[in-house]
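The structure appears below as structure tokens.
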Amino acid sequence: MTETVRDEAGRPLDVVSLSGMKVDCIVGVYRAERTTPQPLHVDVALYFDSRPVAAGAGLSGSVDYARLAGELRFLLEACRFQLLEHAAEALLRYVLAPPTPDAPRAQVAAATVRLSKPEALAGTAVPSLQLHRRASEFAYLVEDKGFGQVDIVHEGPSHGIYRLRVKPGGCIPTHVHRVMEEHELVVGSGLLLQGRPVQRGTAFHWPRDFPHRYDNPTDIPQTVLCVDSPAFIPSDEVEVDVPSHALQPHVGASYYPRGDAGGVA
């Protein structure tokens, strides 16, 4: 799947790839595909300059493929895509977005995503799609909020993908959603959720009308990767008082490897 991709100086870029990833998710336009998850095979190639790693930059100068695999799995499971094109474009926009201070990594200059649906045609053939994009093709709208900033990563027909960057000392106040269904993955390692420390790589599915909040007691912005279905509705971010019985803990699922050891090519 990889090819030679060059930087602006004409030098070949290096590649980190994830191959053979399998995720059960909603992707398709037919009725059964909209209600029942099906296997999706995912291959991703990320092109960047690894020279800083050789000079001693460590993992922050490369791409942590273990954490990336978890983030891609989260996006595919949280979104309900209609077409392979929608899914591939969303993944590309995410991996090509600039890194955040709480999860430093190399800036990916270009990426290729290949998606296959092995069960779509009952074994008679395997449909697949491959897209290639450069980071220079994308611009990301950033909105200032009271708690910090929101990066609008991608908005599709049925969902929106956002990075919520909570500023040092800031908080996303206690709120509920009446209409939107929300999935969130904690990317940073210093956030409080419901007033309690939360391990990075933990994802939550917020039921409608469930009060939740984040606080950042650290000295750098902390990031939450958020999927709203449908795309974000400003009037549906309803601030509420803290319930008399206090904010309730909510069980999450881990999308990072045990111990968050990560990995690097």
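Worth pointing out:
- Partner lysines for residue 22 [C-alpha distance under 16 Å; skip if fewer than 8 residues away on the same chain]: 117
- By the count of other C-beta atoms within 10 Å, a proxy for reagent exposure, 63, 5, 251 are ordered fewest to most as 251, 5, 63.
- Lys/Arg +1, Asp/Glu -1 at C-beta; the chain dipole; positive extreme among 62, 187, 205: 62
- Annotation: lysines with alpha-carbon distance below 16 angstrom to residue 167 (same-chain offsets under eight excluded): 145.
- Dipole axis of the chain (+1 Lys, Arg; -1 Asp, Glu on Cβ), positive-most option in 40, 240, 161: 40
- Charged side chains reduced to their Cβ positions (Lys and Arg at +1, Asp and Glu at -1) give the chain a dipole of some 500 debye around its Cα centre.
- Taking the number of Cβ atoms within 10 Å of each Cβ as an exposure proxy, the fewest-first ranking of 21, 180 is 21, 180.
- Whole-angstrom gap from region 95-145 to region 191-210, using each part's C-alpha centre: 25
All of the numbers you see were taken from the coordinates with simple rules; none came from a lab. None of the values given here were measured: they were computed from a predicted structure. Using ideal geometry, Cβ is built from the backbone for each residue, glycine included, and neighbour counts are taken over all protein chains shown.
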